[in-house]
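Right, one structure below, let's go through it.
The values are calculated or read from the model by the stated rules, or taken from the named source; none is laboratory data. Computed from a prediction, not measured in an experiment: that's the story for all the values here. Here the Cβ is made from the backbone with ideal geometry for all residues, glycine too, and neighbour counts use every protein chain on show. Each accessible area value is taken on the protein alone, full model and side chains, heavy atoms only, with ligands, DNA and RNA left out. Shrake-Rupley method; radii C 1.70, N 1.55, O 1.52, S 1.80 Å.
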Amino acid sequence: MPRWVIAALLLVPMTAAADGWMSFQGQTGLITVPDAGLLEAEEVVMHANNDFVSEGRDLDRASNYVLGYAPLPFVELSGRVLTNYNANGRRTRNDLSGNIKLRPLDTEYLDFAVGLQDFAGDAQQVEARYAVATGHLGPLDVTLGYGDGPDRLTSEFGGLAWNIGNWGRVVADYDGEFVRAGLGARYQFSDRGMVALSTKLYSEDDREDFAAGLSLRFAFGKSPAPISGPVQHASPAPAPAAASEAPSASPLTADQASRVADQLAAAGLSDVSVGRDEEARVIVQFENRRFLHNHLDGYQVVRDVLRRTGLQPEGWALFEQRNGVPRSAVLLDENANARRIAWGSDDPAGVDWLAESASPAIGAELRLEPVLDSATATDFGVFDYDVALQSSLRLMFGSGLSAHVAGLVEGARSDSYRDGGAFAGRQQDSGLDEAFAQWTHRPVSSYLGQLSLGIQRIGQDDHSVIDYEALLHSPTGRHQVHAHLARYQNEDVSGLEAQDLAIGSYRFWWWEQDLSLSFSYGQFFGEDRGGRVILRRYIGDVIVGLFYLRDEDDQQFGGLSVSLPLTPRVGMKPWNGVTVTGQPRWQYSTGTVIDGPGNRNVLRPDFLVEPTQNYNLRRDFLDSDRALPGHMRQHWRDRVGADEVWEVAQPGR
């Protein structure tokens, strides 16, 4: 090696390699080949570039859109939409592919990973299987790998990357046929966000031109800042105790209870009741309709208010309700630190209720949210869409009784969704979307049920619906059994027989990794039989899911879903029992056919559909399966207060 090269190596600071550079092929890597790096855990990246690999075709331009996600420190998942055009402007390829990379070895000096590109579907066009290792020599990364094709990476590949701090790099790679080189730069604009620019400046294949890619990376999962504004109140601070006196517990008086109830109501909580039990504990019962990103935010507000009162009871017991139905309960010690979390129960026995906030007998909620139907990477376009605005009005009568009506106002849609287009049958037209009367009940702490009667638009037709959901939980909520029974009668097409739905599910929660896995099987809407598997990763208030469906004819479908709050974390303070909010758990999903009928890549938006109401048990009442003792215990410290939770109580304790 020339002496000047050795000298340059010694002069450059020994900077650790930085994971997360996106290659132009939809996975972390160099330019066109993967390396053994991954996105960081709980990180999401959106990437776009204009690169193409010629593959002997007369291509003129291309676009690649990539969404990547790392659910665990050793797993990276990504989806890619690849579109190619020839010199005549004709689209020659429009492909949606899924990629996965696993890294079993991650050390300071050497990483090793295996991966698949375009690993499933009936229209696989850029499929590749590979193994790759990356060594770290100060600022220099050396990558060597071998691929088994069949479409890409059909032999040995590799490359070099010279990292300049954490903000830039010089990179060259070889994909088994051609050498390419480029530069990269990136900038971290916040503790959660980073933007990166990648370029291809040189290629041995003279049919390829300059290419550039832009990435936006976001780190989820960090604890949000405490809610402080809503709990401010004008009550004077308690007088400090004399130095020789230690605070002692004393029975709660009616005036003190009234003051606590008023302060909680001033913070925006509803249906507040305050009392004391035989053990001199203060009992607080409340409902949270204002802080909807996470139900634990309501507990944070209650705890902060209680700590400001200056009271010194033997302890505090908090009971949260949802429309008069018990949801969860928390026992605090005399310093308002959590000591036990359990399922909600009916009014605690032996409580002397001393005060309650003045709340209307009927609560009302107006909810606004966008509704998106889309088709990605089809023969008709890269991304076709139909967006509508849904408004829902819900009346809550207490004791689990409620009624709601939801309507749609049509908005923007692409040409393929317009009349005469390929997806005209999926238009979201203005009008009634659903109207239901519901009864949610909890006869015992481990059982939840919901009966729904009403009308619902499914597809383009209105159906009268009788629907019942039942949930049975283990003491912590780690195990859940779910049954969903429904009957649908089409009201727009006469002469059709009623259709029955019967689905059974089991869900397992892995608290420590914020992962849940559910298995379902049964008769779905349209009386199609099949099974479904959903893996969900909970990242703060964002939920990312992977789903796989298979019917009795072995047709298969899979994809990605995301759920996030589309409403302010501190919502509107209830006014005479009325609140206006966005959707606390907005959902969107996209997928692809893995094995279609007759091995054809046929779009089937009605494949194994399970209709649900806007207000259902798992998404609304259980806060997307987070209002569970085990999940609350796991996140109490980072979400509510910096104190440990000692135990999760058994039902009925």
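Taking first residues from the range 175-202 that are within 23 Å of A128 (Cα to Cα) and part of a strand (DSSP E or B) and partners that are open to solvent by 20 Å² or more (accessible area, probe 1.4 Å) and among the charged types (D, E, K, R), the Cβ contacts under 7 Å between residues at least 6 apart in sequence or on separate chains come to V179/E204.
Among residues belonging to the range 487-516 that are touching a residue at least 12 places away in the same chain (Cβ under 8 Å) and small (G, A, S), point out the one that is farthest from T612 (Cα to Cα). Of everything passing the filter in the range 487-516, S516 is farthest from T612 (Cα to Cα).
Scanning the range 251-269 for residues that are touching a strand residue (DSSP E or B) at 6+ places or on another chain (Cβ under 7 Å) and buried (at least 22 other Cβ atoms within 10 Å of the Cβ) yields a count of 6.
Candidates are the residues of the range 514-533 that are open to solvent by 20 Å² or more (accessible area, probe 1.4 Å) and among the aromatic types (F, W, Y); the one that is nearest to R604 (Cα to Cα) is F525. With respect to being open to solvent by 20 Å² or more (accessible area, probe 1.4 Å), out of contact with any Gly (no Cβ under 9 Å at 6 or more places or on another chain) and at pLDDT 95 or above, L137 falls outside the description. Residues in the range 332-354 that are open to solvent by 40 Å² or more (accessible area, probe 1.4 Å), modelled with pLDDT under 90 and of a type outside the set (D, E): N335, R339, R340, S345, A349, G350.
Here is a yes/no grid of residues against (1) of a type in the set (F, W, Y); (2) part of a loop (DSSP other than H, G, I, E, B); (3) touching a residue at least 60 places away in the same chain (Cβ under 8 Å):
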site	(1), (2), (3)
R290	no, yes, yes
H293	no, yes, yes
G298	no, no, no
V301	no, no, yes
V305	no, no, yes
Q312	no, yes, yes
F319	yes, no, no
R327	no, no, yes
L331	no, no, yes
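Filtering the range 311-330 down to residues that are over 29 Å from the mean Cα position of the chain (by Cα) and at pLDDT 80 or above, which residue is surrounded by the fewest Cβ atoms within 10 Å (Cβ to Cβ)? Restricting to residues being over 29 Å from the mean Cα position of the chain (by Cα) and at pLDDT 80 or above, the top hit is E314. Hey, does the range 469-485 have a residue that's touching an Asp or Glu at 6+ places or on another chain (Cβ under 8 Å) and open to solvent by 40 Å² or more (accessible area, probe 1.4 Å)? Yes, some residue in the range 469-485 is touching an Asp or Glu at 6+ places or on another chain (Cβ under 8 Å) and open to solvent by 40 Å² or more (accessible area, probe 1.4 Å). Taking the range 159-183 as the range and being open to solvent by 10 Å² or more (accessible area, probe 1.4 Å) and small (G, A, S) as the test, the residues that pass are G159, G165, A172, G176, A181. Residues of the range 534-544 include at least one that is among the charged types (D, E, K, R), open to solvent by 50 Å² or more (accessible area, probe 1.4 Å) and in contact with a strand residue (DSSP E or B) (Cβ under 9 Å, 6 or more places away or on another chain).
For A361, the conditions (1) modelled with pLDDT under 90; (2) under 30 Å from V405 (Cβ atoms); (3) small (G, A, S); (4) crowded, with 16+ Cβ neighbours inside 10 Å all hold with the exception of (4). Could you tell me whether Y146 is open to solvent by 10 Å² or more (accessible area, probe 1.4 Å), modelled with pLDDT of 95 or more, among the hydroxyl-bearing types (S, T, Y) and on the phi < 0 side of the Ramachandran plot? For Y146, the condition - open to solvent by 10 Å² or more (accessible area, probe 1.4 Å), modelled with pLDDT of 95 or more, among the hydroxyl-bearing types (S, T, Y) and on the phi < 0 side of the Ramachandran plot - is met. Taking the criterion of being at pLDDT 95 or above, hydroxyl-bearing (S, T, Y) and open to solvent by less than 30 Å² (accessible area, probe 1.4 Å), the residues of the range 436-468 that qualify are T440, S452. Would you point out the residue of the range 378-405, among those that are open to solvent by 70 Å² or more (accessible area, probe 1.4 Å) and either hydrophobic (A, V, I, L, M, F, W, C) or touching a helix residue (DSSP H, G or I) at 6+ places or on another chain (Cβ under 6 Å) (or both), that is farthest from E287 (Cα to Cα)? Top of the filtered list is F380.
Looking across the range 597-652, the residues that are within 15 Å of L472 (Cα to Cα) and modelled with pLDDT under 65 come down to Q650, P651, G652. In the set R442, R457, R478, R529, only one residue is under 30 Å from A219 (Cβ atoms) and touching a Gly at 6+ places or on another chain (Cβ under 8 Å); that residue is R478. Against the list (1) surrounded by fewer than 17 Cβ atoms within 10 Å (Cβ to Cβ); (2) small (G, A, S); (3) in contact with a Leu (Cβ under 9 Å, 6 or more places away or on another chain), the condition G115 fails is (1).
Would you call S244 open to solvent by less than 50 Å² (accessible area, probe 1.4 Å), in a loop (DSSP other than H, G, I, E, B), more than 23 Å from D352 (Cα to Cα) and modelled with pLDDT under 90? It is false that S244 is open to solvent by less than 50 Å² (accessible area, probe 1.4 Å), in a loop (DSSP other than H, G, I, E, B), more than 23 Å from D352 (Cα to Cα) and modelled with pLDDT under 90.
Candidates G526, G545, G495, G504: the one that is within 24 Å of Q583 (Cβ to Cβ) and either touching a His at 6+ places or on another chain (Cβ under 8 Å) or modelled with pLDDT under 95 (or both) is G545. Residues that are under 30 Å from R207 (Cβ atoms) and in contact with a Leu (Cβ under 8 Å, 6 or more places away or on another chain) were ranked within the range 37-54; the one that is modelled with the lowest pLDDT is F52.
Of the strands (runs of 3 or more DSSP E) lying entirely inside the range 427-486, those containing at least 2 residues that are of a type in the set (D, E) and touching a residue at least 60 places away in the same chain (Cβ under 8 Å) are 461-473.
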